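Reviewing the structure listed below.
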Amino acid sequence: MKQVHLTYILFLVWIVSSCQNDTTIDNIQDIPKVTKEDKSYANVFSILDGHWKGDFLIFEDQNPVPKEQLELQHISLSSIQKRQLKQINSIKVEQVYSSETPYFQKVTITDFYPDSGQKIVSKGVNKIQNGQMWCVVRKPDETVIHAGNTEGDNTIIWERNEKTPQKIEYFKETVSDRFYEIIGWGYYQNDNPSKSPKLWFYAKYEKQ
């Protein structure tokens, strides 16, 4: 009888433990249980650890072309310079990354808009969950989720593709000892995804 009772208690403990580890992708508080599929991603975010500051520039493509004319998966600063895009905004950004485990990294992002004086602080995480890289940022008005993959040792690519409302984004982030460079593009509501992206982004942050 005692053996049955002990078995039942252990079963309940296992259920509670399993439920605690069953975190949703948008959860930025709880560290997910590490699976076998996650192991190959150990320390993939460590290159970002630290304090970074710089300007995030937003450009508009005022002369869209058919999307097939561009290599949207192979972009660089020259992609923006070649298109002669119009800069429409500049945000002063401060990002602080801190890895809590080899698979879970917290970030605080402070965006300052010089034109309006508005400051927005967001919290987020980079994490490995279910054998996949995720970036989840909790902004005051929305939670943004990107799926990721790597390109070499120092570049992370983040993407999202949401239908309603339309939000299609692609960001390539390359990190060195001193600098953190971002190049990307996006389609949003009412944009034509068969044309070149309306909005493009470039940033170069310096490590503090």
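Can you give me the number of residues within region 72-122 that are among the polar types (S, T, N, Q), farther than 17 Å from Cys135 by Cα and in contact (Cβ under 8 Å) with a residue 40 or more places away in the chain?
Of the residues in that region, 3 qualify.
Kindly indicate whether Phe112 is farther than 30 Å from Lys195 by Cα, at pLDDT 95 or above and over 18 Å from the mean Cα position of the chain (by Cα).
yes
Mind telling me which of the residues Glu37, Glu94, Glu68 ends up being at pLDDT 90 or above and in a strand (DSSP E or B)?
Going through Glu37, Glu94, Glu68 in turn, the sole match is Glu94.
Is it true that Asp30 is farther than 30 Å from Pro114 by Cβ and modelled with pLDDT under 95?
No, not satisfied.
I'm trying to understand the selection: among the residues of region 16-49, which are within 16 Å of the chain's Cα centre (by Cα) and among the small types (Gly, Ala, Ser)?
Across region 16-49, the qualifying residue is only Ser46.
Within region 124-144, which residues are among the polar types (S, T, N, Q), in contact with a strand residue (DSSP E or B) (Cβ under 8 Å, 6 or more places away or on another chain) and either under 12 Å from Asp26 (Cβ atoms) or part of a loop (DSSP other than H, G, I, E, B) (or both)?
Answer for region 124-144, where residues must be among the polar types (S, T, N, Q), in contact with a strand residue (DSSP E or B) (Cβ under 8 Å, 6 or more places away or on another chain) and either under 12 Å from Asp26 (Cβ atoms) or part of a loop (DSSP other than H, G, I, E, B) (or both): just Thr143.
Please work out which residue is most open to solvent (accessible area, probe 1.4 Å), limiting yourself to region 145-184 and to residues that are over 23 Å from Val96 (Cα atoms) and part of a strand (DSSP E or B).
Asn161
Please state which of the following conditions Leu77 fails to meet, knowing it meets all the rest: (1) modelled with pLDDT under 95; (2) over 18 Å from Phe179 (Cα atoms).
The number of the failed condition is (2).
Being farther than 21 Å from Trp200 by Cβ and out of contact with any helix residue (DSSP H, G or I) (no Cβ under 7 Å at 6 or more places or on another chain) is the filter here, so list the residues in region 150-179 that pass it.
Thr150, Gly152, Asp153, Lys163, Thr164, Ser176, Asp177, Arg178
Let's see how each residue does on (1) of a type in the set (Gly, Ala, Ser); (2) open to solvent by less than 80 Å² (accessible area, probe 1.4 Å); (3) part of a loop (DSSP other than H, G, I, E, B):
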| site | (1), (2), (3) |
| --- | --- |
| Thr23 | no, yes, yes |
| Asp26 | no, yes, yes |
| Pro32 | no, yes, yes |
| Asn43 | no, no, yes |
| His51 | no, yes, no |
| Phe59 | no, yes, no |
| Asn63 | no, no, yes |
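Looking only at region 88-126, how many residues end up being open to solvent by 60 Å² or more (accessible area, probe 1.4 Å) and within 17 Å of Glu181 (Cβ to Cβ)?
Number of matching residues: 2.
Of everything in region 132-144, what is touching a helix residue (DSSP H, G or I) at 6+ places or on another chain (Cβ under 9 Å) and open to solvent by 20 Å² or more (accessible area, probe 1.4 Å)? Give them in sequence order.
Matches in region 132-144: Gln132 only.
The values are calculated or read from the model by the stated rules, or taken from the named source; none is laboratory data. Everything numeric here is computed off the predicted structure, so don't read it as measured data. Heads up, the Cβs are rebuilt from the backbone with ideal geometry, glycines too, and the neighbour counts pull from every protein chain shown. Note: areas computed on protein heavy atoms with side chains; ligands, DNA, RNA excluded. Shrake-Rupley method; radii C 1.70, N 1.55, O 1.52, S 1.80 Å.
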